[in-house]
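What follows is a short report on a single structure.
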């Protein structure tokens with residue numbers, strides 16, 4: 001279940017009645033698009049309301065009349081797919097701002113200036129978005145918003161997505177601890193334990209996180225790790 005203060009109303013009117021559930025807007029839109037989202041992860045309560053804001057529950061009689069059942073999940077699925085998601089102006093404003101921040105963060109971490117090979121600071125990306133008048137649809141998936149934003153930014157600033165393939169060596173004293181964190185922090189393509197107990201791997205990282213990655217290796221190895229860039233991937 002999600003907190004009530006994060007919920008927005010999904011509403012379906014049928015058979016002269018109004019049926020509402022409280023949902024997470026992002027997960028609700030994923031469910032509408034056919035993604036397999038567990039119903040308990042996206043609702044604020046496992047009840048159907050005639051007025052969610054006032055806590056007025058729909059009667060069993062009205063549910064059977066409109067849906068042929070009183071079971072919550074099939075009713076909620078139908079409301080999600082056939083109904084409408086309603087936002088207050090404040091909820092919409094907050095959703096847009098949250099999505100805008102997600103877009104800026106994603107681009108700052110994954111894109112670089114191809115002329116300098118350095119990432120653009122988030123502030124520069126935000127200013128370019130404002131100049132390009134990028135419009136954020138709060139119900140679009142992040143991947144789609146990033147594609148639209150990158151298309152709008154390219155005429156204004158040199159920018160493209162790049163990855164780096166890097167080789168890493170962690171000495172034996174730090175390798176067991178570093179192993180698990182490295183596996184979760186990056187995409188490890190190849191790995192091997194050496195006879196001296198050290199661990200070496202080849203992994204891919206977003207080019208914009210290169211400094212952050214070096215800091216991670218330095219922390220995990222107490223400054224004794226080695227990193228070598230093997231290849232830039234476009």
Förster-model FRET efficiency, 30 Å R0, residue 124 and residue 98, C-beta, rounded to 0.05: 0.90
Stokes-Einstein translational diffusion, region 1-138 - Kirkwood Rh over all Cα pairs, 0.890 mPa s, 25 °C, in µm²/s: 144
Gain in span if fully extended, residue 35 to residue 61, counting 0.36 nm per residue against the direct Cα distance: 6.3 nm
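Rounded to the nearest 500 deg cm²/dmol, what is the calculated helix-only ellipticity per residue at 222 nm for the chain, with -39500 (n - 2.57) per DSSP H run of length n ≥ 4? Mind showing how you got there, number by number?
Working: 9 runs with 98 residues, N = 234.
It lands at -12500 deg cm²/dmol.
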Per-peptide average of other Cβ atoms within 10 Å, ordering 40-50, 21-31 highest first: 21-31, 40-50
Two-site FRET efficiency, residue 142 against residue 190, from Cβ-Cβ distance with R₀ of 30 Å, rounded to 0.05: 0.55
Options [x] 24.0, 75; [y] 18.1, 55; [z] 18.2, 59 - which one matches Rg and Dmax of the Cα atoms in Å as calculated here: [x]
Between 0 and 90°, nearest 10: helix 175-185 axis offset from the chain longest Cα axis: 50
Projected label distance in nm at residue 15 and residue 117, using a 7 Å step from Cα toward the beta-carbon: 6.7
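Laboratory data are not the source of any read-out in this text; all were calculated from the coordinates shown. Keep in mind that this is a model prediction, so the values were computed, not measured. Heads up, the Cβs are rebuilt from the backbone with ideal geometry, glycines too, and the neighbour counts pull from every protein chain shown.
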